[in-house]
Amino acid sequence: MYYTNGNYEAFSRPRRPKGAEDKQAWLVGGGLASLAAAAFLIRDGGMEGSRIHILEEAELPGGACDGLLRPDVGFVIRGGREMENHYECLWDLFRSIPSLEVPDASVLDEFYWLNHDDPNFSMNRAILDRGESADTKNRFELSDEAALALMKLFFTPDEELYNKSIEEVLGGDFYDSNFWLYWQTMFAFETWHSALEMKLYLQRFIHHIGGLPDLSALKFTKYNQYESLILPLVKYLEEKGVDFRYGVRVENVLFHFLPGKKVAHQMVLVKDGRQETMELTENDLVFVTNGSCAEESALGANDRAPVLDIAPGDGASWQLWKNIAVQDASFGRPEKFCDHIEATKWESATVTLLDDRVTPYVERICGRDPYAGKVVTGGIVTVKDSAWLMSWTFNRQPHFKAQPEGQLVGWIYGLYPDEPGDYVGKPMSECTGAEICMEWLYHLGVPESEIERLAAESASTVPCMMPYVTAFFMPREAGDRPDVVPEGCVNFAFLGQFAQTPRDTIFTTEYSVRTAMEAVYTLLDVERGVPEVFGSAYDVRCLLNAAHYLLDGRKLTAMKLPLPYKMALLAGLEKVRGTTLEELLARYQLI
């Protein structure tokens, strides 16, 4: 497996790899990573769909990419998916998946046309004082000291950030900046999360820094992620004859450790309450999604708070990874991510507005008609003075195909679910759906005399506590996440957010698809390169453009720098006088 860029290999079709006709594939988990791997096995690996088997514990595919109408509680979306134009592997996949709605179009075509005609941006990224705009003016408000600290983090080698938290490398007034407000709430970073992961995010998305304040960097699907991404992919796979087996829990994969290679030789699984073993050969390719951010999520209801009654590390995907990991050090250290629920949990809620009585408050804040079928909030609106650090969003409506006319479905989340609310006076984690809705309505500016009635009559709210939702952000070092294909493995690969691949960032749909593509291309030796992570971190134009925005338009010479830095800057500017570098600095308004 190797990386490439450009159109030469992007549009090429690999020939069927040698021996592919003799292989069978066993994909453990039915989330986006497994579904993508199955599609790559067919499209680029030349395998017959009937020789590909997806083993899923639940009764539906999709994993964390969910979106359901549950008869007992109503519409539920545990989270949303923010996408961008340089998700190279994601778009490589979905260019081949037919749209379910647009004839003779792919999912990528459908997505591209939608976002071309209705581009995303926020007209009010943050509010305070009960529905008033925080008026951030799309500025970052980073002090010179904070800007330099951020630059230093950007250039710090990975090894120096192993097992370090963000608060260990960034301090002072950085946390008072709008940059941190945007960053923390958009990506769900906490100060105790990994400094390495934050650095990787900075490098990965440096080309979108200018679109961070108004979220114009983002693109969204027409409906929820399940209906817009998962269902078209599942239909494609079903039509190709892929074997989906639901209600199957895989408990272990056992290995033979031979000179120079590791061979998965047996799978232990439970079906219909009975444990079974399956013998494997080197022609049986096993792909395991290790760990899950949505594992053991607890749902509440409009009249019931979610109950989180688990021990750290509980959950089938975590236990499977632990059972595999004890066999060899190269299989990772799952406890680094799943043993700290208090540091990795937060809570979300799906709010369905049943009539139009709350809509004017939403429209006043977002500046758009929520019923128009176009962008509504343009991403999250953060309540800057919320004790829960609440954010909320309404994407294009309807958000579900089955959504009744006149209803709106939105999403709320709180980064600090154990803090008492500003209106309800209770931690979010102890609140019913209606109480979470009341807290939200309070911050929208609904008169207090109407809050309780509107939460009960005009809305239905379903809370969801997710114990592992930011588990992948925990401080880590090399080896904590296993390589996609661990050294020596000939018929086994890890997929998803807890597998290790260079330069890309977790908590994205792209990461799931990238690990799937790398796994398939490695185990089958596909004669085509995997698209590399977009190289904006190495593009001087992107770096200078980001510097311009991070400084809110200040010139480099206006920065308050330590004397040695100032002297070096002035000497450097003198050296580049009359060169292309000077032209670039001027083009991006840094001088």
* Inter-residue pairs, beta-carbon under 9 Å, first farther than 17 Å from A547 by Cβ and in the stretch 573-591, second open to solvent by 50 Å² or more (accessible area, probe 1.4 Å) and among the basic types (K, R), 6+ apart -> none
* **Subset of the stretch 55-76 [open to solvent by less than 30 Å² (accessible area, probe 1.4 Å), farther than 19 Å from P306 by Cβ and either of a type in the set (G, A, S) or assigned to a loop (DSSP other than H, G, I, E, B) (or both)]** => P61, G62, C65
* Can you tell me how many residues in the stretch 322-360 are acidic (D, E) and either over 30 Å from T432 (Cβ atoms) or buried (at least 17 other Cβ atoms within 10 Å of the Cβ) (or both)? -> 3
* Of the residues that make up the stretch 309-321, is at least one touching a residue at least 40 places away in the same chain (Cβ under 8 Å), touching a strand residue (DSSP E or B) at 6+ places or on another chain (Cβ under 7 Å), among the aromatic types (F, W, Y) and open to solvent by less than 40 Å² (accessible area, probe 1.4 Å)? -> no
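How about the stretch 171-182: which of its residues are out of contact with any Pro (no Cβ under 8 Å at 6 or more places or on another chain), crowded, with 18+ Cβ neighbours inside 10 Å and under 19 Å from L148 (Cβ atoms)? Full working, then the answer.
Of the stretch 171-182, the ones out of contact with any Pro (no Cβ under 8 Å at 6 or more places or on another chain) are 171-177, 179-181.
Next, from what is left, pick out any that are crowded, with 18+ Cβ neighbours inside 10 Å: 174, 177, 179-181.
F174, S177, F179, W180, listed by residue number.
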* To do: Could you list, in sequence order, all residues of the stretch 450-478 that are touching a helix residue (DSSP H, G or I) at 6+ places or on another chain (Cβ under 6 Å), in a loop (DSSP other than H, G, I, E, B) and not β-branched (V, I, T)?
  => P467, Y468, M474, R476
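The rows are residues; the columns are (1) acidic (D, E); (2) in contact with a Leu (Cβ under 9 Å, 6 or more places away or on another chain); (3) under 30 Å from E335 (Cβ atoms).
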residue: Y371; (1), (2), (3): no, yes, no
residue: V383; (1), (2), (3): no, yes, no
residue: Q397; (1), (2), (3): no, yes, no
residue: A434; (1), (2), (3): no, no, no
residue: G445; (1), (2), (3): no, no, no
residue: A455; (1), (2), (3): no, yes, no
residue: M465; (1), (2), (3): no, yes, yes
* Among the listed residues R476, R503, R528, which satisfies the condition of being open to solvent by less than 10 Å² (accessible area, probe 1.4 Å) and among the charged types (D, E, K, R)? -> R528
* Matching option when the condition is open to solvent by 70 Å² or more (accessible area, probe 1.4 Å), touching a residue at least 12 places away in the same chain (Cβ under 8 Å) and in contact with a strand residue (DSSP E or B) (Cβ under 8 Å, 6 or more places away or on another chain), among E279, E251 -> E279
* Asked: R481 fails exactly one of the following numbered conditions: (1) assigned to a helix (DSSP H, G or I); (2) crowded, with 23+ Cβ neighbours inside 10 Å. What is the number of that condition?
  -> (1)
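I'm checking my understanding of the structure. Among residues of the stretch 300-343 that are charged (D, E, K, R) and over 24 Å from the mean Cα position of the chain (by Cα), which one is modelled with the lowest pLDDT? Let's see the steps before the verdict.
Going through the stretch 300-343, the residues charged (D, E, K, R) turn out to be 303-304, 309, 314, 322, 328, 333, 335-336, 339, 342.
Now narrow it down to the ones that are over 24 Å from the mean Cα position of the chain (by Cα): 303-304, 309, 328.
Numbers: D303: 97, R304: 97, D309: 94, D328: 98.
In this case the residue turns out to be D309.
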* Structure fact -> Of the residues in the stretch 422-460, those that are closer than 11 Å to V358 by Cβ and open to solvent by less than 10 Å² (accessible area, probe 1.4 Å) come to C437, W440, L441, L444, V446, I451, L454, A455, S458, A459
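Answer yes or no as to whether W192 is assigned to a helix (DSSP H, G or I) and among the aromatic types (F, W, Y). Spell out the reasoning first.
Details: assigned to a helix (DSSP H, G or I): no; among the aromatic types (F, W, Y): yes.
Answer is no for this residue.
Does A558 qualify as being at pLDDT 95 or above, under 25 Å from E197 (Cβ atoms), aliphatic (A, V, I, L, M) and surrounded by fewer than 17 Cβ atoms within 10 Å (Cβ to Cβ)? Give the steps one after another, and end with the answer.
On the way: at pLDDT 95 or above: yes; under 25 Å from E197 (Cβ atoms): no; aliphatic (A, V, I, L, M): yes; surrounded by fewer than 17 Cβ atoms within 10 Å (Cβ to Cβ): yes.
So A558 fails the test.
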* Structure fact -> Note on the stretch 29-46: residues open to solvent by 10 Å² or more (accessible area, probe 1.4 Å) and in a loop (DSSP other than H, G, I, E, B) are G29, G46
* Residue that is touching a strand residue (DSSP E or B) at 6+ places or on another chain (Cβ under 6 Å) and in contact (Cβ under 8 Å) with a residue 40 or more places away in the chain, where the choices are D303, D328, D284, D356 -> D284
* Tell me, yes or no, whether the stretch 82-105 has at least one residue that is assigned to a strand (DSSP E or B) and either free of Cβ contacts under 8 Å to residues at least 12 places away in the same chain or out of contact with any Asp or Glu (no Cβ under 9 Å at 6 or more places or on another chain) (or both). => no
* Determine which member of the set E487, E518 is out of contact with any Gly (no Cβ under 7 Å at 6 or more places or on another chain), in a loop (DSSP other than H, G, I, E, B) and touching a residue at least 12 places away in the same chain (Cβ under 8 Å). => E487
* Asked: Being of a type outside the set (V, I, T), more than 18 Å from the chain's Cα centre (by Cα) and over 30 Å from Y8 (Cα atoms), is that true of even one residue in the stretch 77-96?
  -> no
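The values are calculated or read from the model by the stated rules, or taken from the named source; none is laboratory data. What you are looking at is a predicted structure, and each value in this text was computed from that prediction instead of being measured. Here Cβ is always computed from backbone atoms with ideal geometry, including for glycine, and neighbour counts include all displayed protein chains. Note: accessible area is taken over every heavy atom of the protein model, side chains too, but ligands, DNA and RNA are not part of it. Shrake-Rupley method; radii C 1.70, N 1.55, O 1.52, S 1.80 Å.
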